[in-house]
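Right, one structure below, let's go through it.
The values are calculated or read from the model by the stated rules, or taken from the named source; none is laboratory data. Predicted, not measured: the structure shown is a model, and the values here were computed from it. Reconstructed Cβ throughout: ideal geometry from the backbone, glycine too, with neighbour counts over all protein chains shown. Quick note on the areas: whole protein, heavy atoms, side chains included, nothing else; ligands and nucleic acids left out. Shrake-Rupley method; radii C 1.70, N 1.55, O 1.52, S 1.80 Å.
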Amino acid sequence: SLASTAITCFTRGLDLRKGTEDVLCPANCPLWQFYVFGDGVYASLSSVCGAAIHSGVITNAGGAVRVQTLPGQENYPAVNANGIQSQVLSRWASSFSVTAGTKNIALEAVGRSVSTARPSTGKRPKKTVDKKAGNKDCKADIAFLIDGSYNIGQRRFNLQKNFVGKVAVMLGIGTEGPHVGVVQASEHPKIEFYLKNFTAAKEVLFAIKELGFRGGNSNTGKALKHTAQKFFSLENGARKGIPKIIVVFLDGWPSDDLEEAGIVAREFGVNVFIVSVAKPTTEELGMVQDIAFVDKAVCQNNGFFSYQMPTWFGTTKYVKPLVQKLCSHEQMLCSKTCYNSVNIGFLIDGSSSVGESNFRLVLEFVSNVAKAFEISDIGSKVAAVQFTYDQRTEFSFTDHATKEKVLSAIRNIRYMSGGTATGDAISFTTRNVFGPVKDGPNKNFLIVLTDGQSYDDVRGPAAAAQKAGITVFSVGVAWAPLDDLKDMASEPRDSHTFFTREFTGLEQMVPDIIRGICKDFLDSKQ
């Protein structure tokens, strides 16, 4: 017979791994913490024990439940039953139903696996619910920047804590799910706890309940800037490659300016959401420094990053839509990725051995690499230098701020024809093309394309480029000597050196070069 797994109040259908699973729900789960979507058939985002109480399979005294996985559907209805109000969900990828579990398993649900079958083996069954891992589909490192000012006052501060607690629970916090921390904005910002402090929803809820109200002016700008700069360090628990998010809760309006803080957050690759509650009324507008405070602080003023609640009372229905936003990582336009945070300089061999038609293939290769990146004035940038004995900057990093313009500039490069002085060309590019951007936020890459032996030393200039913070990829064709290519390339040399006999082989290298740039970007990242 089956052994059943003890689960918690927060375990959702999607946390269970088997098609049919026997679980034990604990007693006395707080009903307000249950998130249930649907009626009879529940979206797998729902709490299992909540659904079981909602459908009448168990009471709040807990008990055995059999969970059956079902396909996803559309339009899960909202129904109030047995003290739980389920919610509407327009579509979800999978569902489940609940029936009464087999009674012989209904031992008391404690916080660990309970085994009834064949105790003689002495082995405990594998625990199938990995609630520690959390919601793996929601990748986010989140700072809740709560309002602790006199504007909000003690009473609404407590309602704010309840709301943040519900959001935290619904996110599905866990070692591999979202991590959260809290900063309180008042006269001076105070980081209450960091991402690394808790990785379980229960602990986070407890920490939120313990928060004390500080009072003072609502210097939200100051707090936002402080959070963007200090909160997301690796030593404080930020994870590489996971979107960084600050959710700013603001009752009324800020006492200080948010514009500069918004710019700082964007520079640090942080996605700022603003949840404004009880926004200023017409009679209050005279007291507000800058009416457009929301637009200036959010990651992007496209409607996605701002969220309004009329009051702190009755906010439960606002929890889920906010959680859905925080979990849609493809919408996090301010995150720094290898696609939007690199400068790529192409150093193109224009020597006479290349020839006009092969030179076109080289330009096609350059275009195909450039095409993969998000080029804009605040995103990635591309530059190109052609060299023989001489060097010519075809365009610099600041010349073209859109992908279309960059691609058209690449198409318009005219073939020079002449000798090959690769070392000189690397020095020229380091100084003139990368020099002006060396203190910028983007990571710098140089791709050297050559088809032959250089007449000068390449090792010295390449070492100097690397010392200046430029990662060098060398791409050789035809007669380019492997020693030269390796001497130019960054460490580990093998993964930064590419070679093909024929110019037509350049096309196959494009994905590897892009992958190489992304790997280096992630490895180097704070």
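So which aspartates and glutamates can LYS405 reach, going by Cα to Cα under 20 Å and dropping same-chain residues fewer than 8 places off? Partners found: GLU364, GLU374, ASP377, GLU394.
Of the heavy-atom accessible surface of the chain (probe 1.4 angstrom), what whole percent is carbon and sulfur?
With neighbouring chains kept in place, the figure for the chain is 52 percent.
A simple spin-label model places pseudo-atoms 7 Å from Cα toward Cβ; at ARG459 and GLU507 they are separated by 3.8 nm. Classified by the C-alpha gyration tensor, region 5-100 has an oblate form. Its axis ratio a/c, with a ≥ b ≥ c, is 1.5 or above, and a/b does not exceed b/c.
In the full protein context, region 200-322 carries 43 Å² of accessible surface per residue, based on a 1.4 Å probe and ignoring ligands, DNA and RNA.
In this structure, the amide hydrogen of LEU446, modeled 1.01 Å from its nitrogen in the peptide plane, lies closer than 5 angstrom to those of GLY345, THR471, VAL472, PHE473, counting only residues at least 5 positions away or on a different chain.
To the nearest 10 square angstrom, what accessible area does HIS329 show with a 1.4 Å probe? Per-residue accessible area (HIS329): approximately 90 Å².
Give me the compactness ratio for region 348-392, meaning the Cα radius of gyration over 2.2 N^0.38 Å.
Dividing the Cα radius of gyration by 2.2 N^0.38 Å gives 1.36.
Accessible area ranking (1.4 Å probe, heavy atoms, ligands and nucleic acids excluded), largest first, for TYR42, TYR318: TYR318, TYR42. Extension gain, THR311-ALA292: 0.36 nm per intervening residue step, less the Cα-Cα distance, totals 4.9 nm.
Remark: spin-label model distance THR393-LEU522 equals 3.4 nm, labels positioned 7 Å along the Cα→Cβ axis.
Accessible surface calculations at 1.4 Å, restricted to protein heavy atoms, place region 5-100 at 38 Å² per residue. Expressed as an acute angle from 0 to 90° and rounded to the nearest 10, what is the orientation of the C-alpha long axis of helix 506-524 relative to the principal long axis of the chain? So the helix axis and the longest Cα principal axis differ by about 60 degrees. With angles folded into 0 to 90 degrees, how steeply does helix 220-230 sit against the dominant principal axis of the chain? Use alpha carbons for both and round to 10. For 220-230 against the chain, the angle is about 60 degrees. Counted residue by residue at 0.36 nm each, then reduced by the alpha carbon distance between them, the extension gain from LYS371 to SER417 reaches 14.0 nm. What does a probe at TYR339 reach in region 291-328, counting residues whose amide N is under 16 Å from the point 7 Å along Cα→Cβ? Flagged as within label range: 328. Accessible surface calculations at 1.4 Å, restricted to protein heavy atoms, place region 441-480 at 38 Å² per residue. Figure note: LYS166, LYS136 ranked by solvent-accessible area, largest first, 1.4 Å probe, ligands and nucleic acids not counted: LYS136, LYS166.
Taken over region 141-331, the convex hull of the Cα atoms encloses 105 Å³ per residue.
Mean projection of the Cα convex hull over all viewing directions, computed for the chain: 29.6 nm².
The distance linking region 422-500 with region 224-256 is 37 Å (Cα centroid to Cα centroid, whole angstrom).
Extension gain, GLU284 to LYS136, is 48.9 nm, computed as 0.36 nm per intervening residue step minus the present C-alpha separation.
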